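The values are calculated or read from the model by the stated rules, or taken from the named source; none is laboratory data. Quick caveat: nothing in here was measured; it's all calculated off a predicted structure. Cβ: placed from backbone, ideal geometry, glycine included. Neighbour counts: every protein chain shown. All accessible areas refer to the heavy atoms of the entire protein, side chains included, with ligands and DNA or RNA removed. Shrake-Rupley method; radii C 1.70, N 1.55, O 1.52, S 1.80 Å.
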Amino acid sequence: MIYKKFISPVGVLTIFSSGKGICRINFENETSLLEGFKGGSDFYIEECIRQLDLYFQKKLKNFDVRLDLQGTNFQKAVWREISKIPYGKVKTYGEIAKLIGKPKATRAVGQALNKNPIPIIIPCHRVIGKDGNLTGFGGGIEIKKFLLSLEGVKI
């Protein structure tokens with residue numbers, strides 16, 4: 001398992017590969033143990049960096065990076081659903097809960113998003129509060145604002 005740092009417009013991103021696909025992206029303000037990982041790169045990391053670079057240049061709207069997701073069935077269902085939110089659009093936590101067939105699970109959706117291991121590619125920044133407010137984001141609200149603005153969302 002390896003990782004490589006990528007300097008992006010939102011700061012340094014650490015991209016992790018399990019050898020089966022991208023398994024994590026950390027923002028520089030996140031603390032995560034690198035234990036079990038070594039610095040390096042592979043096809044998955046290089047492809048992820050290439051696509052992130054295009055995304056930040058507004059030349060890519062849909063990621064096609066192989067992921068190696070680890071999580072509960074519920075978390076994976078939430079992550080799959082938010083991956084369907086189109087570039088430049090947003091949905092609320094409640095809308096996501098309804099779409100996965102758990103209309104009363106709004107808070108659980110929020111908790112699943114909090115555990116999203118691959119932000120930006122799994123676009124949890126596109127999920128907002130029912131009143132339109134921007135809510136928690138692993139990279140911080142300023143990065144969430146930046147990503148939404150990059151995609152043309154009026155904040």
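Numbers below:
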item	result
Every residue from the range 77-93 that is among the charged types (D, E, K, R) and within 14 Å of the chain's Cα centre (by Cα)	ARG80, GLU81, LYS84
Residues (open to solvent by less than 40 Å² (accessible area, probe 1.4 Å) and within 20 Å of VAL10 (Cα to Cα)) located in the range 48-72	CYS48, ILE49, GLN51, LEU52, TYR55, PHE56, LEU60, VAL65
Test result for ALA77, modelled with pLDDT of 95 or more and open to solvent by less than 60 Å² (accessible area, probe 1.4 Å)	yes
Segments classed as helices (runs of 4 or more DSSP H), wholly inside the range 71-150, with at least 1 members that are closer than 21 Å to LYS58 by Cα	73-82, 141-150
Answer from LYS5, LYS58 - the residue that is out of contact with any Phe, Trp or Tyr (no Cβ under 9 Å at 6 or more places or on another chain) and touching a residue at least 60 places away in the same chain (Cβ under 8 Å)	LYS58
Among the candidates LYS144, LYS115, residue that is in contact with a Gly (Cβ under 9 Å, 6 or more places away or on another chain), under 29 Å from LYS20 (Cα atoms), surrounded by 17 or more Cβ atoms within 10 Å (Cβ to Cβ) and without any contact (Cβ under 8 Å) to a residue 60 or more places away in the chain	LYS144
